[in-house]
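Quick notes on the structure that follows.
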Amino acid sequence: MNIPHQRLRDFVTAIFRAAGCKDAEAERVATHLVEANLVGHDSHGVIRVASYVQWLKAGKVLADRAIEVVFENDAIAVVDGQFGFGQTIGEEAMKIGIAKCAKHGVAVVALRNSGHLGRIGDWPLMAAAAGKLSLHFVNTTGAGILVAPFGGIERRLSANPIAAGIPVTGRPPILLDISACTLAEGKIRVALNKGVSVPENCIIDSKGKPTTDPKVFYANPPGAILPIAAHKGYGLAFLCEVLAGALTGGGCSNVKNADRVINGMLSIFVDPNFFQTDAVFTAELERFIAWVKSSEKVEVGGEILLPGEIEERTKMKRLRDGIEIDATTWSQLAATAQSVGISEII
Ligand code: NAD
């Protein structure tokens, strides 16, 4: 099915409203999920609606929560998301960081106990829209222990996304948005729903044997995701757990918390204008970008993209052509809508 983004957003907004969120939060959650589909990260798009609604019904995520500030000074805030929707809590955390950074040139926000923060790229983009460079380290202390450590075969770490946004005058922000594991779990679920294989060298079965079958990952005993770049990705994932888990107070991956999905995030904000004039910073970035892109290409007619460019292109296309939703995801969406009393399915 190809659905225009506005219709999908309205439908998902209606689902969250019927499930118990106030209008503003229902629209906010829907907007972030549909944005993830628009930029091509279907793993963090409306495929999540069914589980978000289940978590809401089970009291594992709470509607219309606000951040509680645990500690703050001029440049630091330690905040607690109170198990609210990550889309609401994440926006609030960014506003705090952006405001502190605007005054002092740097700021660090340590967020714990947030509901699922979705596509982490949303947060550096929000900071970049306010002219701030930012870096975000995320873990999932609860359900979401998915990744085997380098040298191991059992799940010990979460997917551990790292995201960074760089505002550049005159062009869209540069956006790096990657998890420290080879494949976001949502992408394995997308493959399962579509009945297709996952790429090679991404997952192992419960005995540590490489596989491309998404069913094996969800088997009992389960498989695990491999870290990116072997020991280096494992090292980055470990760092994420420490910054987003131990430093925020939310906790590193811990089976004791496995009954709900809880994200922690350490966000570092920098105002480039405190370090360089905009003209100098922009000129250096433009020189560097042109130099990087001038490399001879692997393939004739090939292209070198900046981090974030592929998402912008996908967004232009999907804004124009609509968002393709596979049959399984669609039937899950429709069943979720019915479960909250919506009979008219778009
Ligand atoms: P991915 O492998 O698709 O990588 C995305 C990044 O690579 C982007 O910065 C993109 O611009 C860049 N990129 C892609 N193709 C490129 C190319 N040809 N040239 C240059 N750059 C290119 O992402 P992923 O690791 O699968 O993560 C997917 C999403 O899942 C992310 O949005 C992430 O934030 C999210 N996630 C969230 C959680 C959570 O707990 N909330 C956990 C894991 C992942």
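Below is a table of values for the structure above.
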quantity: Which numbered condition Glu286 fails, given (1) of a type in the set (Asp, Glu); (2) open to solvent by less than 70 Å² (accessible area, probe 1.4 Å); (3) not in a helix (DSSP H, G or I); calculated: (3)
quantity: Given (1) open to solvent by 60 Å² or more (accessible area, probe 1.4 Å); (2) under 22 Å from the mean Cα position of the chain (by Cα); (3) within 11 Å of the ligand (Cβ to nearest atom), index of the condition Met316 fails; calculated: (3)
quantity: Residue that is nearest to the ligand (Cβ to nearest atom) [pool: residues in region 67-86 that are charged (D, E, K, R) and over 23 Å from the mean Cα position of the chain (by Cα)]; calculated: Glu72
quantity: Residue within region 330-342 that is part of a loop (DSSP other than H, G, I, E, B), open to solvent by 40 Å² or more (accessible area, probe 1.4 Å) and within 30 Å of Asn139 (Cβ to Cβ) present; calculated: no
quantity: Residue, farthest from the ligand (Cβ to nearest atom), within region 135-162, restricted to residues that are aliphatic (A, V, I, L, M) and under 12 Å from Asn263 (Cβ atoms); calculated: Ala143
quantity: Leading residue by the ranking (nearest to Leu111 (Cα to Cα)) among those in region 201-259 that are touching a strand residue (DSSP E or B) at 6+ places or on another chain (Cβ under 6 Å), in a helix (DSSP H, G or I) and open to solvent by less than 40 Å² (accessible area, probe 1.4 Å); calculated: Ala244
quantity: Among (1) open to solvent by 40 Å² or more (accessible area, probe 1.4 Å); (2) within 15 Å of the ligand (Cβ to nearest atom) - the single one Lys103 does not satisfy; calculated: (2)
quantity: Filtered residues of region 161-200 (kept if assigned to a helix (DSSP H, G or I) and surrounded by fewer than 16 Cβ atoms within 10 Å (Cβ to Cβ)); calculated: Lys194
quantity: Residue selected from region 107-134 under the condition more than 14 Å from the ligand (Cβ to nearest atom) and assigned to a strand (DSSP E or B), by the criterion nearest to Pro173 (Cα to Cα); calculated: Leu133
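Residue by residue, here is whether (1) free of Cβ contacts under 8 Å to residues at least 12 places away in the same chain; (2) within 10 Å of the ligand (Cβ to nearest atom); (3) under 30 Å from Glu284 (Cα atoms) holds:
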{"site": "Gly170", "(1), (2), (3)": "no, no, yes"}
{"site": "Glu185", "(1), (2), (3)": "no, yes, no"}
{"site": "Gly195", "(1), (2), (3)": "yes, no, no"}
{"site": "Glu200", "(1), (2), (3)": "no, no, no"}
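The values are calculated or read from the model by the stated rules, or taken from the named source; none is laboratory data. Note that the structure is a prediction, hence the values are computed from the model and not measured. Ideal geometry is used to build each Cβ from the backbone, glycine not excepted, and the neighbour counts take in all protein chains shown. These accessible areas exclude ligands, DNA and RNA; they are computed on the full protein's heavy atoms, side chains included. Shrake-Rupley method; radii C 1.70, N 1.55, O 1.52, S 1.80 Å.
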